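Heads up: the structure comes next, in structure tokens.
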Amino acid sequence: MNLVVLTGAGISAESGVPTFRASDGLWEGHRIEEVATPEGFAANPALVQDFYNKRRRQLAEVQPNLAHHALAELAARWEGDFLLVTQNVDDLHDRAHALVPPAPGFQLIHMHGELLKAHCTVTGRVIDCPGDLDPRHDSPFSPDGWLRPHIVWFGEMPLAMHVIDAAISQADLFVSIGTSGAVYPAAGFVQDARRAGARTVEINLEPTQGAGLFDDGLYGPATETVPAFVDSLLQSASKG
Ligand code: APR
């Protein structure tokens with residue numbers, strides 16, 4: 001059985017990473033155009049680098065929660081293909097999966113990029129970025145390039161879409177966890193999965209605007225709902 005799981009900010013909320021569209025949202029004090037568009041970066045690189053430097057530093061203060069760990073356990077034990085697509089730029093999934101080696105059919109994609117990486121403005125080449133970036137940070141890849149956060153900003157193309165589309169077209173089960181479904185193309189994955197004949201499940205604190213597109217819904221904090229869902233999935237898989 002082929003599985004695609006999409007996660008959003010809600011899965012990291014109980015780790016202490018703020019969600020985007022809550023009243024205490026991440027963008028507070030900054031308009032999205034200022035800090036999450038290529039135009040914002042061109043207009044004020046110091047502000048944008050500082051914004052992501054702060055968020056990168058905050059990663060040191062948070063840990064994966066029971067929901068991340070439950071998905072890592074699932075990845076270790078799932079016998080079919082399992083694509084985990086996250087819209088999150090934190091590294092909490094990565095840290096959870098590092099503790100339990102995933103099965104061979106598992107893959108994790110950060111479709112909106114990663115805080116702990118940077119890329120060259122000229123070549124696009126990606127490099128690990130554990131620390132702060134300067135406003136005009138020299139790129140090791142091009143004399144004319146700078147390093148910028150490896151974050152997909154509004155107006156830019158999400159990463160690895162061909163891999164995601166291919167997995168969804170083969171999916172038997174599609175699960176959307178902790179995402180408001182407000183931002184495309186991720187918001188359209190459930191319809192693609194339905195067209196492919198997959199069963200679709202929404203897991204969220206509360207039903208989202210698109211809840212009607214899912215066959216089933218499981219509502220409550222991710223640290224409770226995700227482990228419960230993973231347990232029942234592994235039990236039904238073991239019964240064949
Ligand atoms: N458990 C489960 N779900 C939760 C929890 C929780 N503890 N806390 C919040 N949620 C849910 C909210 O109900 C909401 O539906 O998580 C969702 C968070 O939605 P958004 O803040 O819109 O985040 P997300 O869907 O990941 O945003 C998508 O938008 O701004 C861009 O690029 C950014 O990747 C981001 C994208």
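Here, each number is a calculation from the coordinates, and none is a lab measurement. These figures come from a predicted structure and were not determined experimentally. For neighbour counting, all protein chains shown are included, and Cβ atoms are generated from backbone atoms with ideal geometry for every residue, glycine included.
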### Projected label distance in nm at residue 98 and residue 166, using a 7 Å step from Cα toward the beta-carbon
2.8
### Query
Along segment 123-131, what does the Karplus equation 6.51 cos²θ - 1.76 cosθ + 1.60 (θ = phi - 60°) give for ³J(HN,Hα), rounded to whole Hz, x for Gly and Pro?
8, x, 5, 9, 9, 4, 9, x, x
### Task
Under a 10 Å cutoff between Cα atoms, tell me which one of 123, 86, 223 has the largest fluctuation in the Gaussian network model of the chain.
123
### Query
With charges set only on the Cβ (+1 for Lys and Arg, -1 for Asp and Glu), what does the dipole of the chain come to about its Cα centre, in debye to the nearest 20?
220
### Loop chymotrypsin sites (Phe, Trp or Tyr not before Pro), segment 106-170 (other Cβ atoms within 10 Å of the site Cβ: 13 or fewer; DSSP)
154
#### Entry: Residue (of 100, 74, 60) at the positive-pole extreme of segment 56-105, dipole from beta-carbon charges
60
### Message
If amide hydrogens are placed 1.01 Å from N in the peptide plane, which non-local residues have theirs closer than 5 Å to the one on residue 117?
### Response
129, 150
### Task
With a length cut of 18 Å (Cα positions projected on each helix's long axis) and a Kyte-Doolittle mean of at least -0.5, go through the chain and give me the DSSP H helices that pass.
222-238
### Query
How many times 2.2 N^0.38 Å is the alpha carbon radius of gyration of segment 73-193?
1.19
### Query
Pick from 108, 47, 99: which residue has the top mean-square fluctuation in a GNM of the chain where Cα pairs under 10 Å get a spring?
99
### Query
Could you give the distance between the Cα centres of segment 141-173 and segment 73-139, to the whole Å?
11
## Note on the structure
The FRET efficiency for residue 60 and residue 199, from their Cβ-Cβ distance with R0 = 41 Å and rounded to 0.05, is 0.60
### Message
Suppose a student asked you for the relative contact order of segment 90-196, using Cα pairs under 8 Å spaced at least 6 residues apart; what percent would you report?
### Response
22
## Note on the structure
dims of segment 1-115, Cα set, principal axes, largest to smallest, nearest Å -> 48, 25, 22
### Query
Based on Cβ point charges of +1 for Lys and Arg and -1 for Asp and Glu, what charge dipole magnitude is obtained for segment 148-232 about its Cα centre, in debye rounded to the nearest 20?
260
### Query
Residue-wise, which Karplus ³J(HN,Hα) couplings in Hz belong to segment 105-117, taking 6.51 cos²θ - 1.76 cosθ + 1.60, θ = phi - 60°, and x for glycine or proline?
x, 9, 8, 10, 10, 9, 5, 9, x, 9, 4, 8, 10
#### Entry: For the chain, convex hull of alpha carbons as volume per residue, Å³
122
#### Entry: Pairwise label distance in nanometres, residue 157 with residue 228, each label 7 Å out on the Cα-Cβ vector
4.1
